[in-house]
């Protein structure tokens, strides 16, 4: 009797582990599904959070590459909401993007690997809209201008590193 009870518990434990095991999606440098040996990145099963999923992608070495909230759990059809962060392989922040209804909306910031701000743009429903600035590593402005509905408008200024 003890042996059969043990076998039943072992079988149930195996099934539970199999059902809850995380699936890994391997991705190449172009974010296409591939095999582990050809992968540059990978994604484990997203965690359920609120009314969606917390998605985290990793470099092949296990360093976090991206994290953000999506209302869908389907690879290649994410509908991001709120702040999504991307990281360099070093772990340093690379991009901060804001999404609404799966489209870029609000601030988008890009950084140099050393941590300095490289670009700051504003988006509205997936298109650049508003002030755009790019920066040199020393913090000085490299260029600035304005977008309207994804198109450059008005006067744009480009600065040399030693200007002003």
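No value in this document is a laboratory result; all are computed from the given coordinates. Note that the coordinates shown come from a computational prediction; the quantities given were computed from them, not determined experimentally. Positions of Cβ are backbone-derived with ideal geometry, glycine not excepted, and every protein chain shown enters the neighbour counts.
Judged by the mean number of other Cβ atoms found within 10 Å, the most tightly packed of the peptides 61-69, 102-110 leads the ranking 102-110, 61-69. Distance between the 7 Å Cα→Cβ label points at residue 117 and residue 158: 2.2 nm.
Taking the Cα atoms only, what angle lies between the long axis of helix 2-20 and the longest principal axis of the chain, rounded to 10 degrees? Computed tilt is about 20 degrees. Would the range 63-146 count as rounded, prolate or oblate if I go by the C-alpha gyration tensor, calling it rounded below 1.5 in a/c and otherwise prolate when a/b exceeds b/c, oblate otherwise? Oblate, since a/c reaches 1.5 and b/c is not below a/b. Taking a point 7 angstrom from the Cα of residue 93 along the C-beta vector, which residues in the range 116-157 have backbone N less than 12 Å away? Under cut-off, by backbone N: 116-118. From the square roots a ≥ b ≥ c of the eigenvalues of the alpha-carbon gyration tensor of the range 19-87, which class results: rounded (a/c under 1.5), prolate (a/b over b/c), or oblate? Judged from the Cα gyration tensor, the range 19-87 comes out prolate (a/c at least 1.5, a/b above b/c).
Over 29 Å, how big is the tail of the calculated P(r) for the chain, in percent of all Cα pairs?
Working: 5167 of 13366 pairs.
Here the tail beyond 29 Å accounts for 39 percent of pairs.
Spacing of the modelled spin labels on residue 32 and residue 101, each 7 Å from Cα toward Cβ, amounts to 3.2 nm. For the pair the range 101-164 / the range 66-98, the C-alpha centres are spaced 20 Å from each other.
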